[in-house]
1. When ligands, DNA and RNA are left out and all protein chains stay put, how many square angstrom of accessible area per residue does the range 55-209 have with a 1.4 Å probe?
2. Using the Karplus curve 6.51 cos²θ - 1.76 cosθ + 1.60 with θ = phi - 60°, what ³J(HN,Hα) values do you get for each residue of the range 112-119, in whole Hz, with x for Gly and Pro?
3. Using packing as a proxy for protection, rank 230-237, 160-167 so that the peptide with the highest average count of other Cβ atoms within 10 Å comes first.
4. Under the Kirkwood approximation applied to all pairs of distinct alpha-carbon atoms, what is the hydrodynamic radius of the range 280-356 in Å?
5. Determine ³J(HN,Hα), in whole Hz, for all residues of the range 60-76 in sequence, where each value follows from phi through the Karplus function 6.51 cos²θ - 1.76 cosθ + 1.60 and θ = phi - 60°; x replaces Gly and Pro.
6. Ignoring ligands and nucleic acids, what accessible area does GLU248 show with a 1.4 Å probe (Å², nearest 10)?
7. Grab the Cα-Cα distance for SER30 and ASP277, subtract it from 0.36 nm times how many residues apart they are, and report the gain in nm with one decimal.
8. What's the long-distance tail for the range 157-261, i.e. % of Cα pairs beyond 23 Å?
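The values are calculated or read from the model by the stated rules, or taken from the named source; none is laboratory data. Every value quoted in this text rests on a predicted model; they were computed, and no experiment measured them. Heads up, the Cβs are rebuilt from the backbone with ideal geometry, glycines too, and the neighbour counts pull from every protein chain shown. Please note that ligands, DNA and RNA were not included when accessible areas were found on the heavy atoms of the full protein model with its side chains. Shrake-Rupley method; radii C 1.70, N 1.55, O 1.52, S 1.80 Å.
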Amino acid sequence: MQINFVDLNKQYNRIKTEIDDAIQRVIKNSSFIGGEEVRSFEEEFAYYCDARYCAGVNSGTDALKFICMALDIKEGDEVILPVNTFIATALGVSSMGAIPVFVDCEDGTYNIDTEKIEEKITSRTKAIIAVHLYGQPAEMNSILSIAQRHKLYVIEDACQAHGAYYKNRRVGTFGIASAFSFYPGKNLGAYGDGGAVITNDAGIAEKIKKLREYGQEEKYVHTEMGTNSRLDGLQAAILRVKLKYLDEWNDKRKNVASCYHESLEDLQIKLPETKADRNHVFHLLVIETDNRDELLQFLKQKEIYCGIHYPVPLHFQGVYRELGYKAGDFPVSERLASRIMSLPIYPEMEKEEVNYITNAFNEFVSTSTNPSLVSIQ
Ligand SMILES: Cc1ncc(COP(=O)(O)O)c(C=O)c1O
């Protein structure tokens, strides 16, 4: 058996007719840029997130950048964000000439450690980016109350958490605006790049709709220094089909995660910790072990392909060396970088596939010369 990290073909095969029809519809109408599909998807995704506005853009990265532009985050400003995240969370801030200020993650959920946010706030701090990492919402109550006390914006990076709940409310409207990515492997993925900003603020939505389209107010009237970063018609039509299945797929991901949990809980592996007041949608299923690299190698030989999210915390990235952080500044994230790995997970995964993987884990433990090879520190 070969098990890929994600299997988008299986998903396509289950909804093939609907997807093919949607693509044909766009081609027949030649509505490749803008048009009905984009407008309808924006309406439907805003409704799904229980938000007033959605602006489709070209990627999650641009969604974050446009939010920073709309909030007038500029050179000299500081924005607080977790050091354990994908680099795109920080790139929007940097592209404004502002400074990303990193905070370590907590040991259990791997989301930003809210106890460590306030010590990073200065007179230049403008915003906090709450990343709902791996599909589990960050601790929003604490983040919102810190932001309120210090008069800061909260931006959500929900690129990995489509449909996740925090205290019975979907992510996306806790902050002033939130960024979503529709990169193909996401819980809601397009067939190319795509992203969106969700907000309840009419001014932000309007500004982002200008920024994504050459900064134009109307055709050939340009009032913002914009760019070309649109969600295209084909992607919107595909996303409309997939959005109908998102909750079902998220439930299936949770079932797969439970199967892993049941089968692996006897091994000394740190399994994902889900807080009771939130709903983890398992974009990624991240576990922690002592001998991560040997285990990855062993699984690869059995054609089980895993990932690492993320092997290098942001303060160790070359591009952020100039910020002056050093080893030891973020002990939890630094420790995780050599210990975490992400197991294959997608809605269509069969129980037999999970069994095949968990059997491989057992085999690794039983054949290992070091009995504590898979253990937690
Ligand atoms: C947490 C996070 N933020 C931002 C992004 C950027 O999204 P995109 O790849 O659509 O630019 C991603 C996507 O990988 C992500 O996982």
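1. Accessible area per residue, the range 55-209: 31 Å².
2. The phi angles translate into 3, 7, 5, 5, 9, 7, 4, 5 Hz.
3. In descending order of packing, they fall as 230-237, 160-167.
4. Kirkwood hydrodynamic radius for the range 280-356: 14.3 Å.
5. Here the 3J(HN,Hα) series is x, 4, 5, 4, 5, 5, 5, 4, 4, 5, 5, 8, 6, 6, 9, 3, x Hz.
6. 90 Å²
7. Here the segment from SER30 to ASP277 would lengthen by 84.4 nm.
8. Percent of Cα pairs beyond 23 Å in the range 157-261: 38.
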